[in-house]
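**Q** My structure is below; once you've seen it, I'll send some questions.
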Amino acid sequence: MTSKTYIEAIREGLLEEMDRLDTMIVLGEDIQEGGVFRVTDGMLQKYGPQRVLDTPLAESSIVGVSIGMAINGCVPVAEIQFADFAYPAFNQIISEAAKWRYRSNNGWGCPIVVRAPYGAGIRGAMYHSQSIEALLAHVPGLKVVAPSTPADAKGLIKAAIRDPDPVIYFEHKKAYRMVKGEVPDEDFATSIGSAALRREGDDITVISYGLMAHECLQAAEQLADEGAVDATVLDLRTLAPLDRDAILDAAKRTGKVLIVHEDNLTGGIGAEVSAMISEHAFDYLDAPVRRLASPDVPAMPFNGALEDALLPSRETIAAAMRDLAAY
Amino acid sequence: MVRAKDARPQSATSKLHRQMYRDMLVSRELSDRMFALNRQGRAAFAVTGQGHEATQVGSAHAIKRGTDWVLPYYRDVGVMIALGMSPHDILLGLFAKAGDPNSGGRQMPCHWSWPEMRVVTRSSVIAANLPHASGIAYASKLRGLKEVSIVYFGEGATSEGDFHEAVNFAAIHKLPVVFFCENNGYAISESSEKQMSVLHVADRAKGYNIVGQTVDGNDILTVHQTTKWSIEECRRGRGPKLIEAKTYRFSPHTSSDDDRRYRTRAELEEWVKRDPIDRFRTRLIDEGELTAEEDAEMRAQIKREINEAVEAAERAPDPEPADALRFVYGDETAP
């Protein structure tokens with residue numbers, strides 16, 4: 001194990017797969033100079049401009065040509081510079097990639113990876129802060145992952161590259177340099193569709209993903225230290241397909257569940273997790289399933305005070321946990 | 001019995017011409033039949049391209065089958081016949097049967113997919129498959145493979161952003177893609193003047209610094225030669241080509257459309273006089289490559305074949321209801 005940042009772990013995962021697969025291509029805007037966040041830093045020098053490909057500023061075709069590359073023996077990993085700019089590619093993702101196998105009755109597969117930095121907290125304002133995961137987790141045929149730790153960031157990028165289907169890989173941009181952690185030194189992949197139990201406690205369960213998983217864990221440690229609440233923290237890691245067993249096991253064991261995400265409330269991942277628990281673990285519940293999420297406003301404002309007012313924080317999470325535990 | 005055509009020695013060119021003529025006839029007969037089956041209430045939907053036979057059959061016979069990648073659109077019955085998909089298989093798609101090779105009865109008819117022939121699955125979304133052609137061609141180039149992608153679309157597709165993005169990408173990387181536009185003057189009801197301010201789709205090629213050619217889409221030999229040249233240029237690494245074949249569809253857009261609302265019968269009649277099949281037949285007979293008797297015999301035989309194909313396809317089994325859940329993911333992850 002070696003300690004690495006989240007961004008180093010993603011880069012390392014990409015590099016190792018580029019070494020392993022000589023038809024793998026990373027493509028996107030400003031990829032060759034390293035990308036605006038520098039995830040692909042140094043790759044041009046190592047693999048050349050054909051495999052480290054700067055595309056025109058045209059998101060639909062970034063995904064569209066990736067689909068073509070994938071069916072002709074290449075392994076494309078597309079970068080959408082900010083998740084906020086993925087909407088022009090939604091037709092290619094939803095109507096093409098996601099339906100590719102189903103509509104051809106398994107005649108064709110569509111093994112593409114689309115990476116997208118997402119999330120708020122960096123004063124990126126309306127169009128550099130969005131969380132778009134729920135929109136895509138809704139779409140059958142896609143797999144959607146959102147790692148929170150460096151180990152999972154590396155393990156899931158490898159799993160995504162090796163997967164036979166389209167995988168949307170959401171990397172939290174605030175986590176890039178802020179989050180550090182131990183990463184195994186040997187080759188490994190993190191199974192898509194499996195959640196990770198970050199903490200075990202008997203009072204309540206907190207379910208989250210991405211950067212919020214860290215906030216939840218810290219809130220849980222704080223409340224445990226205070227002797228107030230002993231919480232289980234479940235990090236979803238994969239948003240589609242959800243790890244139903246892990247979610248229901250945790251819900252059944254504690255009987256009280258809080259779901260936290262920075263994406264806005266309505267129709268978010270929390271709604272699906274909550275419905276799943278209500279449907280399949282109702283008899284075990286000691287309290288209504290609670291959700292803590294950003295309110296339903298269109299996007300994050302630029303002003304720091306406004307942004308902070310919308311995002312869940314360690315404090316608001318801790319308060320919601322106390323409240324639920326007291327129910 | 002030895003038939004006249006067998007008794008006469010045939011050159012390779014003559015053989016090709018007869019095959020192309022036959023494919024045009026099959027395409028027309030099958031398309032007419034698919035519409036009729038819809039009108040009889042035996043098929044839920046039909047989409048065809050009567051009138052496009054020269055553009056489709058002529059171009060498809062320039063494709064290196066099994067090597068080149070083909071991305072046809074839903075009007076391309078003639079392309080598929082020329083590539084060798086049987087009327088029976090196409091009819092399995094019309095009736096949405098389990099054996100439909102395109103989609104197992106999942107897609108509307110004529111939404112082609114045939115992996116063995118490198119015919120790539122497509123949606124109903126106009127122009128969405130153009131970037132796929134560019135991506136396939138990028139992979140061909142990266143991997144050093146001498147294969148070409150040809151993607152078919154109507155003039156309406158050239159209004160879509162994906163047209164621009166795909167052609168631009170192919171032009172930047174000098175990719176082996178033939179962009180083949182079957183310009184029939186109408187995108188459902190919208191005439192070309194509502195789609196573009198240029199007179200010819202091929203004029204758009206200038207904006208990408210690639211070669212664009214406008215051809216008479218009802219002249220099968222011109223279409224064939226132009227496509228053949230374009231594909232070979234691509235194979236030599238000389239970058240993408242845009243072909244615009246001007247033609248006309250005799251049928252409504254689909255079985256759900258009434259074209260009398262947006263175009264005159266007089267206009268249609270003018271184009272029917274220039275029927276690409278009649279035109280090629282006249283030429284073949286004039287050149288001594290076909291006799292009127294052979295033509296009649298060929299037509300009768302095709303009618304019989306299609307009668308049999310309809311009967312067999314209509315009787316073929318439907319998919320199992322439980323199959324609706326299959327192939328969401330490659331690893332059969334349960335939905």
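**Q** For region A:239-258, which residues satisfy the criterion of being acidic (Asp, Glu) and touching a residue at least 40 places away in the same chain (Cβ under 8 Å)?
**A** A:243
**Q** Another question about this same structure. Restricting attention to region B:147-161, does a residue exist that is part of a strand (DSSP E or B), out of contact with any Phe, Trp or Tyr (no Cβ under 9 Å at 6 or more places or on another chain) and closer than 30 Å to residue A:49 by Cβ?
**A** No, every residue in region B:147-161 fails to be part of a strand (DSSP E or B), out of contact with any Phe, Trp or Tyr (no Cβ under 9 Å at 6 or more places or on another chain) and closer than 30 Å to residue A:49 by Cβ.
**Q** What is the number of the single condition among (1) touching a helix residue (DSSP H, G or I) at 6+ places or on another chain (Cβ under 8 Å); (2) over 28 Å from residue B:111 (Cβ atoms); (3) surrounded by fewer than 22 Cβ atoms within 10 Å (Cβ to Cβ); (4) more than 7 Å from chain B (Cβ to nearest Cβ) that residue A:139 does not meet?
**A** (2)
**Q** While we're here: Which of the residues that make up region B:138-169 are more than 9 Å from chain A (Cβ to nearest Cβ) and in contact with a helix residue (DSSP H, G or I) (Cβ under 6 Å, 6 or more places away or on another chain)? Give the derivation first.
**A** Applying the first criterion (more than 9 Å from chain A (Cβ to nearest Cβ)) to region B:138-169 yields B:144, B:146, B:148, B:150-160, B:163, B:167.
Across region B:138-169, the qualifying residues are B:146, B:148, B:151, B:155, B:157, B:158, B:163, B:167.
**Q** Please state which one of B:99, B:93, B:135 is over 19 Å from residue B:55 (Cβ atoms), more than 7 Å from every other protein chain (Cβ to nearest Cβ), in contact with a Ser or Thr (Cβ under 9 Å, 6 or more places away or on another chain) and among the small types (Gly, Ala, Ser).
**A** B:93
**Q** List the pairs whose first member sits in region A:118-144 and is in contact (Cβ under 8 Å) with a residue 40 or more places away in the chain and polar (S, T, N, Q), whose second member is assigned to a loop (DSSP other than H, G, I, E, B) and buried (at least 22 other Cβ atoms within 10 Å of the Cβ), and whose Cβ atoms are under 7 Å apart, counting only residues at least 6 apart or on separate chains?
**A** A:129/A:119; A:129/A:120; A:129/A:300; A:131/A:119
**Q** Kindly indicate the residue of region A:214-253 that is more than 25 Å from residue A:172 (Cα to Cα), part of a helix (DSSP H, G or I) and of a type in the set (D, E, K, R) and also farthest from the chain's Cα centre (by Cα) among those meeting that condition.
**A** Among residues in region A:214-253 that are more than 25 Å from residue A:172 (Cα to Cα), part of a helix (DSSP H, G or I) and of a type in the set (D, E, K, R), the one farthest from the chain's Cα centre (by Cα) is A:225.
**Q** Looking only at region A:154-178, which residues are aliphatic (A, V, I, L, M) and either out of contact with any strand residue (DSSP E or B) (no Cβ under 7 Å at 6 or more places or on another chain) or over 21 Å from residue A:208 (Cβ atoms) (or both)?
**A** Of everything in region A:154-178, those that are aliphatic (A, V, I, L, M) and either out of contact with any strand residue (DSSP E or B) (no Cβ under 7 Å at 6 or more places or on another chain) or over 21 Å from residue A:208 (Cβ atoms) (or both) turn out to be A:159, A:161, A:175, A:178.
**Q** Take the conditions outside the structural domain of residue A:136 (by TED's automatic domain parsing) and touching a Gly at 6+ places or on another chain (Cβ under 9 Å) and apply them to residue A:310. Does it pass?
**A** Taking the combined requirement at face value, the residue does not satisfy it.
**Q** Is it the case that residue A:245 is within 21 Å of residue A:1 (Cβ to Cβ), surrounded by fewer than 20 Cβ atoms within 10 Å (Cβ to Cβ) and either charged (D, E, K, R) or within 14 Å of chain B (Cβ to nearest Cβ) (or both)? Lay out the reasoning, then the answer.
**A** Numbers: within 21 Å of residue A:1 (Cβ to Cβ): no; surrounded by fewer than 20 Cβ atoms within 10 Å (Cβ to Cβ): yes; either charged (D, E, K, R) or within 14 Å of chain B (Cβ to nearest Cβ) (or both): yes.
So residue A:245 fails the test.
**Q** Could you go through region B:113-122 and let me know if any residue there is more than 16 Å from the chain's Cα centre (by Cα), at the interface with another protein chain (Cβ under 10 Å from one of its Cβ atoms) and outside any helix (DSSP H, G or I). Quick ask: steps written out before the conclusion?
**A** Our first condition is that a residue be more than 16 Å from the chain's Cα centre (by Cα); within region B:113-122, this holds for B:115-116.
Right, trim to at the interface with another protein chain (Cβ under 10 Å from one of its Cβ atoms) and you get B:115-116.
Pick out the ones that are also outside any helix (DSSP H, G or I) and you get none.
No - not one qualifying residue is present in region B:113-122.
**Q** Something else: Can you confirm whether residue B:240 is within 14 Å of chain A (Cβ to nearest Cβ) and at pLDDT 95 or above?
**A** Judged against the criteria, residue B:240 is a match.
Residues are listed down the side, and each one gets a yes or a no for (1) within 26 Å of residue A:10 (Cβ to Cβ); (2) modelled with pLDDT under 95; (3) among the basic types (Lys, Arg):
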residue: A:228; (1), (2), (3): no, no, no
residue: A:231; (1), (2), (3): no, no, no
residue: A:244; (1), (2), (3): no, no, yes
residue: A:258; (1), (2), (3): no, no, no
residue: A:261; (1), (2), (3): yes, no, no
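**Q** Right, next: In region B:288-335, how many residues are at negative phi and either surrounded by fewer than 11 Cβ atoms within 10 Å (Cβ to Cβ) or within 14 Å of chain A (Cβ to nearest Cβ) (or both)?
**A** 22
**Q** Being among the hydroxyl-bearing types (Ser, Thr, Tyr), in a helix (DSSP H, G or I), surrounded by fewer than 21 Cβ atoms within 10 Å (Cβ to Cβ) and within 7 Å of chain B (Cβ to nearest Cβ), is that true of even one residue in region A:95-104?
**A** yes
**Q** Among what's in region B:202-258 and is under 29 Å from residue B:284 (Cα atoms) and of a type in the set (Phe, Trp, Tyr), pick the residue that is surrounded by the fewest Cβ atoms within 10 Å (Cβ to Cβ).
**A** B:229
**Q** Here is a further query. Any idea how many residues of region B:309-335 are free of Cβ contacts under 8 Å to residues at least 60 places away in the same chain, under 26 Å from residue B:91 (Cα atoms) and not β-branched (Val, Ile, Thr)?
**A** Result for region B:309-335: 8.
**Q** Filter region A:216-238 down to the residues that are buried (at least 19 other Cβ atoms within 10 Å of the Cβ), more than 14 Å from chain B (Cβ to nearest Cβ) and touching a residue at least 24 places away in the same chain (Cβ under 8 Å) and list them by number.
**A** Taking region A:216-238 first, the residues buried (at least 19 other Cβ atoms within 10 Å of the Cβ) are A:216-217, A:219-220, A:223, A:229, A:231-238.
Going one step further and asking which of them are more than 14 Å from chain B (Cβ to nearest Cβ), we end up with A:216-217, A:219-220, A:223, A:229, A:231-237.
Those that are buried (at least 19 other Cβ atoms within 10 Å of the Cβ), more than 14 Å from chain B (Cβ to nearest Cβ) and touching a residue at least 24 places away in the same chain (Cβ under 8 Å): A:216, A:219, A:220, A:223, A:229, A:231, A:232, A:233, A:234, A:235, A:236, A:237.
**Q** Of all residues in region A:274-298, how many are buried (at least 18 other Cβ atoms within 10 Å of the Cβ) and not β-branched (Val, Ile, Thr)?
**A** Residues that pass the stated criteria total 7.
**Q** Is there any pair with a first residue in region A:193-215 that is on the phi > 0 side of the Ramachandran plot and a second that is at pLDDT below 95 and among the β-branched types (Val, Ile, Thr) whose Cβ atoms are under 8 Å apart and which are 6 or more apart or on different chains, and what are they?
**A** A:193/B:333
**Q** Identify all residues within region B:170-208 that are within 14 Å of chain A (Cβ to nearest Cβ) and in a loop (DSSP other than H, G, I, E, B); write none if there are none.
**A** B:173, B:174, B:175, B:176, listed by residue number.
**Q** Scan region A:7-31 residue by residue and report those that are more than 19 Å from the chain's Cα centre (by Cα) and surrounded by fewer than 19 Cβ atoms within 10 Å (Cβ to Cβ).
**A** A:15, A:16, A:19, A:20, A:21, A:22, A:23, A:30
**Q** Just to be sure, is residue A:73 more than 22 Å from the chain's Cα centre (by Cα), within 29 Å of residue B:97 (Cβ to Cβ) and facing another protein chain (nearest Cβ under 9 Å)?
**A** For residue A:73, the condition - more than 22 Å from the chain's Cα centre (by Cα), within 29 Å of residue B:97 (Cβ to Cβ) and facing another protein chain (nearest Cβ under 9 Å) - is not met.
**Q** Scan region A:184-203 and tell me whether some residue there is buried (at least 19 other Cβ atoms within 10 Å of the Cβ), in a loop (DSSP other than H, G, I, E, B) and in contact with a Lys or Arg (Cβ under 6 Å, 6 or more places away or on another chain).
**A** Checked region A:184-203: at least one residue is buried (at least 19 other Cβ atoms within 10 Å of the Cβ), in a loop (DSSP other than H, G, I, E, B) and in contact with a Lys or Arg (Cβ under 6 Å, 6 or more places away or on another chain).
**Q** Looking only at region B:145-201, count every residue that is of a type in the set (Val, Ile, Thr) and surrounded by fewer than 19 Cβ atoms within 10 Å (Cβ to Cβ) and tell me the total.
**A** Counting residues in region B:145-201 that are of a type in the set (Val, Ile, Thr) and surrounded by fewer than 19 Cβ atoms within 10 Å (Cβ to Cβ) gives 3.
**Q** Could you identify the single residue in B:274, B:281 that is more than 30 Å from residue A:191 (Cβ to Cβ), surrounded by 12 or more Cβ atoms within 10 Å (Cβ to Cβ), in contact with a helix residue (DSSP H, G or I) (Cβ under 7 Å, 6 or more places away or on another chain) and away from chain A (no Cβ under 14 Å)?
**A** It is B:281.
The values are calculated or read from the model by the stated rules, or taken from the named source; none is laboratory data. Quick caveat, the model's predicted, so the values are computed rather than measured. Methodologically, a virtual Cβ is constructed for each residue, glycine included, from the backbone with ideal geometry; neighbour enumeration extends over all protein chains shown.
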